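The structure appears below as structure tokens.
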Amino acid sequence: MTRIVQKYGGTSVATPGKLRLVARRVRESLRNDVEAVVVVSAMGDTTDELIALAHQVTSDPPSREMDMLLSAGETISAPLLAMALEAAGTAAVSLTGVQAGIRTSRAHRTARIVDIVPQRVLDELAAGRVVVVAGFQGVTDEMEVTTLGRGGSDTSAVALAVALGADRCEILSDVAGVHTADPRLVPDARVIPEIAYDEMLEFAAAGAVVVQPRAVEIAEAYSMAIEVRSTFDEGTGTVICRHPRMEERQKVRGIAHQNDVAKVTLLRVPDRPGVAASIFDPFGQQGINVDIIVQNLAHDGTTDVSFTIAESDLRRARMMLGAVARDVGAQGYMATADIAKVSVVGTGLRGTPGIFAKVFRTLAGAGINIEMISTGEIHLTCIIERERVGDAVRALHTAFELEKI
Ligand code: ADP
Ligand code: ASP
Ligand code: MG
């Protein structure tokens, strides 16, 4: 008997008709002695709509209540899929995160799975039922409901696959696999047949949202292969694994982008020890992640310190920036959200001279100004004007000939 975990994303379960299609697809996978656990996301844009709804009630909704609210999206889609399966003649049962034994940390909205007690899931499988689990949600030791961050159903699926000793984990979405760039921006982006965990982790963290980075981390830690493919089309898609075939390894794997970015600059900060700590401590205490940091030294003993945060944290950041600027003796601050990140990802990046220069030359050739740069082992990220992000991704995709893989 082969045990698989399949995860269907929001677009795949957006309407009653699509839920019936997913039910048919699940039934097809049950042929050949397979037992299946199916993890679902909320239908369509439900999560976005619930967030917007909360903000119509209050400008600062408490995280605990947000988790109660947002988890409802998946609590709705799971029983609907179970009903569709039953109606088609397949025994099925839906479970919430709590019932599936998904235990998490206490960090509301960004909780981490700490353990899964899968007994109920195993019992249902043994009884011959397809188990439909509500993704994205879990529970703390205090029985508080938590959610796992945007895209968290991917992580529910991979963690369940590990806990259940599944043979594989499939992520089914509205795209045919992991592409060399977001196919919505680059029509000739190609499906990458195989990609290593480390590259996929960087790619996902840089904005290739087709799999949540945390899901890739867990898969790597437990050597669980992930297959990413389309819900609606046949096709082998992408396998995320430890050792892709050698010839598949390219110097540049893909181009990622992210629009959820904002830039903050503290102006003319006195240049003395301890200043960076005084700036960034308050952000850490508020749980605001600071990403790229650039410091420009002036000649008069002051410096401008710029850094990026998620645009979704900008409102909270603005509430503290006045006080932070005062405390460090800065002349003032600026905050803007009209920027974006574009990243080139690939394991061959560091060892290959000239790649960075080629990125800069390509962006310059397209008349795109680079505001900030950050590099890592296998990525190069540039902060640019948001309006030009599509042009930047397409220019880099062409420059590295990714349409030819
Ligand atoms: P789901 O609802 O199935 O979880 P998501 O919206 O979270 O789907 O992820 C799928 C989307 O990811 C695609 O529609 C695509 O626009 C976007 N995406 C961004 N970068 C990539 C990439 N490199 N390859 C494939 N999809 C990507
Ligand atoms: N519904 C959640 C979200 O939109 C989780 C998910 O889809 O994976 O982020
Ligand atoms: Mg997703």
inquiry  = Here is a check on your reading of the model: is residue 307 under 27 Å from residue 207 (Cα atoms), crowded, with 18+ Cβ neighbours inside 10 Å and free of Cβ contacts under 8 Å to residues at least 60 places away in the same chain?
reply    = yes
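Name the residue that is nearest to residue 219 (Cα to Cα), counting only residues in region 144-167 that are among the hydroxyl-bearing types (Ser, Thr, Tyr) and within 16 Å of ligand 3 (Cβ to nearest atom).
155
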message = Just checking, does region 267-286 include any residue being aromatic (Phe, Trp, Tyr), more than 21 Å from residue 4 (Cβ to Cβ), surrounded by fewer than 17 Cβ atoms within 10 Å (Cβ to Cβ) and out of contact with any Cys (no Cβ under 7 Å at 6 or more places or on another chain)?
response = yes
key: Residues being within 14 Å of ligand 2 (Cβ to nearest atom) and either closer than 24 Å to residue 163 by Cα or out of contact with any strand residue (DSSP E or B) (no Cβ under 8 Å at 6 or more places or on another chain) (or both) - total across region 6-21   = 6
query = For region 37-64, what are the residues that are within 19 Å of the chain's Cα centre (by Cα) and not in a helix (DSSP H, G or I)?
reply = 39, 40, 41, 42, 43, 44, 45
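Out of all the residues in region 311-346, which are part of a helix (DSSP H, G or I) and farther than 21 Å from residue 374 by Cβ?
315, 316, 318, 319, 320, 321, 322, 323, 324, 325, 326, 327
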remark   = Among helices (runs of 4 or more DSSP H) entirely inside region 90-208, those with 2 or more residues being modelled with pLDDT under 95 and open to solvent by less than 10 Å² (accessible area, probe 1.4 Å) are none
message = Tally up the residues in region 322-361 that are more than 16 Å from residue 379 (Cα to Cα) and without any contact (Cβ under 8 Å) to a residue 40 or more places away in the chain, please.
response = 3
key: In region 41-58, the residues that are touching a residue at least 24 places away in the same chain (Cβ under 8 Å) and open to solvent by 60 Å² or more (accessible area, probe 1.4 Å)   = 45
note = Within region 365-387, residues more than 23 Å from residue 196 (Cα to Cα) and open to solvent by 70 Å² or more (accessible area, probe 1.4 Å) come out as 365, 369, 371, 373, 385, 387
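The values are calculated or read from the model by the stated rules, or taken from the named source; none is laboratory data. Just so it is clear, the model here is predicted, and its values are computed rather than measured. Backbone-built Cβ (ideal geometry, glycine too); neighbour counts: all protein chains shown. The accessibility values were calculated without ligands, DNA or RNA, using every heavy atom of the protein model including side chains. Shrake-Rupley method; radii C 1.70, N 1.55, O 1.52, S 1.80 Å.
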